[in-house]
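Beneath this line is the structure, given in structure tokens, with notes to follow.
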Amino acid sequence: DQAVRALNDSGALKQIGASSELRLFSFNERAQSLESLDALPGGGAATRIGDALGTVTQMAASVPMAAVVLVSDGAENGGTLGEAQLARLAATGIPVHAIGVGPEQSDNDIELEQLQVPDSAVAGEVLRAVVSIRHQRQRGTRVRVYDGEKIIAAQEVPLPGKAGLTTVGVEFPAGEEGVRDLRVQLDAVAGEASALNNERRAIIDVDGRARSVLYLEGEPRWEYKFMRRAADGDRSLRVVSAMRATPNRFYRQGVKSGDELKNGLPETEAELDSYDAVILGSIEAAAFSHDQHEWLKDYVDRRGGSLMLLAGRDGMGDGGWGRVPLQALLPARLPGGPQPGYGARSTKARLTPYGQESPVGRLDADPARNEKLWSEMPSLADFQDIGPLRPGAVVLLEAQSAQRVDPLLVWQRYGRGSTWLMASASTWRWQMRLPLEDQRHELFWRQLLHALAAPAPPRVSLQAERTVYEDEGSVQIEAQVLDETYRPVPGAVVSVTAAAESGAAAPVTVEPSGRDDGRYRVRVQAATAGMYRVEMTAKVGDRALGQAETHLRRVDGVREQFGLYQHRPMLERIARETGGRYWTLDDLAGLPEAIRYSRAGMVERQTLDLWNMPLALLLLALLKLSEWLLRRLWRRL
């Protein structure tokens, strides 16, 4: 309404129409032609500025176009105005003049601008929601986390008392196996402009399957004993260990049958791939065959598992792991040579900024309390040099001594998986030197084991955008089907079904990706608001390959309730990239003149009477005089 009044009262539209052919469009999802501003609709489900500008500028192929005038608050919430779209707009050579509408800052509003939670979790795991809050002059608010109608977490969030964006982490339990229908909500402030933007939804699939961790150790060590003890109390973890007791005999724990690791080390690639994470202790690289080294490399790269090397006199560089193919995957270039890198050294574990954000180092939800708990940890007694870090390495813990600071816990992504290095094998001293009831050692190792095992992908999986909006109506899901060695399965038969909360079936289409990589594109039509369950089964002939399940939610009438302020930087960038200019509603006097002198290379068309053109008038007079002279010459007057 403000924009329509400003355009009419300023006379800008009238002046533009006097010198150019003026066409009006509205955009909720895409540009739609309008007869007049009185026919402007409202209440759209989304604002797709990129699609609207793309539709309008396509007309330049058949109609000369001097400029486009965009009237908006700049809150593009349809995801259609990325870098590629801006580049295409700039390439058209048509300037876009942006008129900003609305206040650049709400007077009294608090908004949950962004919510990040994991897509999946393990039963019993403690999860962390990252909440971004846009605020004005509020001093604080409360974040509540609901599973359906049941509150599962709440946290007070102090705010700085000035406009800005505050991001905090809120921890909550994943609970038992099943689906968590999360609703994260901010308490409304007194007299708030809109409370509809105080809430966001998310869905988490909680897997009840215990994650399997394989721990191979070359000698009896305290670290082996205390790490196993820390994991024993976690039902979502299954630690299978094989410790070499004599040169030809391994002591196994946690195996399901006598055939599992019967000779100590995995004897087939499929057996290795059945674990979600692998830990190598003080065991030399020469204990593994050439094939087993290749399996370990493929385990990280192709399988997507996590591999961690622990310090020890036969571990990491001292065990020859810096001279085998696996070394190229590790986050550091392991040193090797006649001088051992492992030895006695007193150090204190210290969190890095990355460690403070990682769940591995979170002993307490409060950052200050967490840092204090780490500072009180007993000293470590040994250390192993891991060599120079690779560019992609992330240091979570540092070993601090009186002389120097070295990386202690390091990881990096490689292929589909990740590799880790732990430069000490004396974390067991934390348990021995802390009170019996203190669980910091156990908590650290459980969190570390979850960080290793949780990201490992299953053989049959469904990955989806968990939220569908009413203007979209459908969502594309990526499905993947792999065999026992995590390789694509040619000729697999994939069946996918989807159903709403009411039980009504939702239409589904499935098609291969076309790349022979075991991936399939699944599109689910979500016709009504609510949660949908999507199930997939895969088989080859009569052999079942597995099944997967995921959930998504269609949300109506929500997207336009966020970003209730003018996004001036976005509007200014659109104008700058295309050669236009940013305008305010109370300063439109120069807009018609700016369009007349557009850089688009358009020619302004003017219609004038003939007598307003001296050359044409003179030509007519000469023609009439010539006719008179000829008639006189021919005596036919």
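Farthest towards the positive end of the charge dipole of the chain, among the residues 56, 334, 494, is the Cα of 56, using unit charges on the Cβ of Lys, Arg, Asp and Glu.
Between residue 470 and residue 365, the simple label model (points 7 Å from Cα in the Cβ direction) yields a spacing of 3.4 nm. A simple charge model with +1 on the Cβ of Lys and Arg, -1 on the Cβ of Asp and Glu and nothing else charged puts the dipole of the chain at about 1500 debye relative to its Cα centre. With the charge dipole of the chain set up from +1 on Lys and Arg Cβ and -1 on Asp and Glu Cβ about the Cα centre, the Cα lying farthest toward the positive end among the listed residues 579, 158, 395 is that of 579.
Counted by Cβ distance under 13 Å from residue 359, the other residues give a net charge of -1, where Lys and Arg count +1 and Asp and Glu count -1.
Ligands, DNA and RNA aside, residue 437 has an accessible area near 150 Å² when probed at 1.4 Å. The residue list 452, 463, 479 was ranked by how far each Cα lies along the charge dipole of the range 445-484 toward its positive end, using unit charges on Cβ atoms, and 452 comes out on top. DSSP beta bridges confined to the chain are antiparallel in about 75 percent of cases. If amide H atoms are built 1.01 Å from N in the plane of the peptide, which residues on other chains or at least 5 residues away come under 5 Å of the amide H of residue 414? The list, which skips near neighbours in sequence, is 419. Computed over protein heavy atoms with a 1.4 Å probe, the carbon and sulfur contribution to the accessible area of the chain reaches 50%.
Cross-link partners of residue 624 among lysines, defined as those whose alpha carbon lies under 21 angstrom from its own and excluding same-chain residues fewer than eight positions apart, are absent. Per-residue extension of 0.36 nm, minus the Cα-Cα distance of residue 104 and residue 346, leaves a gain of 81.6 nm for this segment. The gain in end-to-end length when the residue 235 to residue 484 segment is fully stretched comes to 87.2 nm, 0.36 nm per residue minus the alpha carbon separation. Please give the calculated 222 nm ellipticity per residue for the chain, where each DSSP H segment of at least 4 residues contributes -39500 (n - 2.57) and the sum is spread over every residue; nearest 500 deg cm²/dmol? -6000 deg cm²/dmol, from helical runs alone.
Work out the P(r) tail for the chain: percent of alpha carbon pairs separated by more than 42 Å, whole number.
Values: 89942 of 202566 pairs.
Cα-Cα pairs of the chain separated by over 42 Å account for 44 percent.
If R0 is 30 Å, what FRET efficiency do you get for residue 511 and residue 196 from their C-beta distance, rounded to 0.05? Here the calculated transfer efficiency is 0.20. Take every pair of alpha-carbon atoms less than 8 Å apart whose residues are at least six positions apart; their mean separation over the length of the chain yields a relative contact order of 15 percent.
The separation of the range 546-574 from the range 341-399, counted between C-alpha centres, amounts to 38 Å. At the residue level, residue 570 shows approximately 60 square angstrom of accessible surface with a 1.4 angstrom probe and all protein chains present.
Could you please report the charge total around residue 565, scoring K, R as +1 and D, E as -1 over all other residues with beta-carbon less than 12 angstrom from its beta-carbon? If you can, show how the numbers build up before the last one.
Working: positive: 134, 568; negative: 73, 104, 107, 109, 111, 113.
Once all neighbours under 12 Å are counted, the net charge is -4.
To the nearest 10, the accessible area of residue 619 is 100 Å² with a 1.4 Å probe.
For each pair in 150/225; 256/539; 256/297; 162/348, compute the distance between the two Cα atoms and list the pairs where it is over 28 Å. If you can, show how the numbers build up before the last one.
Details: 150/225 40 Å; 256/539 26 Å; 256/297 25 Å; 162/348 39 Å.
From the list (150/225; 256/539; 256/297; 162/348), the Cα-Cα distance tops 28 Å for 150/225; 162/348.
For the range 477-523, which trypsin sites (Lys or Arg not before Pro) are both in a DSSP coil and crowded by at most 16 other Cβ atoms within 10 Å? Spell out each step's value before the answer.
Working: sites: 515, 519, 521, 523; in loops: 515.
Passing both the DSSP loop test and the Cβ count: 515.
Cα centroids of the range 1-74 and the range 476-497: 47 Å apart. Near the amide H of residue 45, within less than 5 Å, lie no amide hydrogens of residues on another chain or at least 5 residues away, with H placed in the peptide plane. Which shape class, rounded, prolate or oblate, goes with the range 302-355 when its Cα gyration tensor gives a ≥ b ≥ c as root eigenvalues, a/c under 1.5 marks rounded, and past that a/b bigger than b/c marks prolate? Taking the square roots of the gyration eigenvalues as a ≥ b ≥ c, the range 302-355 is oblate. Placing +1 on the Cβ of every Lys and Arg and -1 on the Cβ of every Asp and Glu, with no other charges, gives the range 142-280 a dipole of roughly 400 debye about its Cα centre.
Once the other residues with Cβ under 10 Å from the Cβ of residue 384 are scored (Lys, Arg +1; Asp, Glu -1), what is the net sum? Here the count lands on -2. Based on the Cβ-Cβ distance of residue 615 and residue 87, what FRET efficiency does E = 1/(1 + (r/R0)^6) give at R0 = 41 Å, to the nearest 0.05? Given R0 = 41 Å and the Cβ-Cβ separation, E is 0.35. Around the Cα centre of the range 449-584, unit charges on the Cβ atoms of Lys, Arg, Asp and Glu (plus for the first two, minus for the last two) sum to a dipole of about 320 debye. Of all segments of the chain bounded by chymotrypsin sites (Phe, Trp or Tyr not before Pro) found in a DSSP loop with no more than 16 other C-beta atoms within 10 Å, the longest spans 1-596.
The values are calculated or read from the model by the stated rules, or taken from the named source; none is laboratory data. Just so you know, these numbers come straight off a predicted model, no measurement behind them. Here the Cβ is made from the backbone with ideal geometry for all residues, glycine too, and neighbour counts use every protein chain on show. The area values use the complete protein model at the heavy-atom level, side chains included, leaving out ligands, DNA and RNA. Shrake-Rupley method; radii C 1.70, N 1.55, O 1.52, S 1.80 Å.
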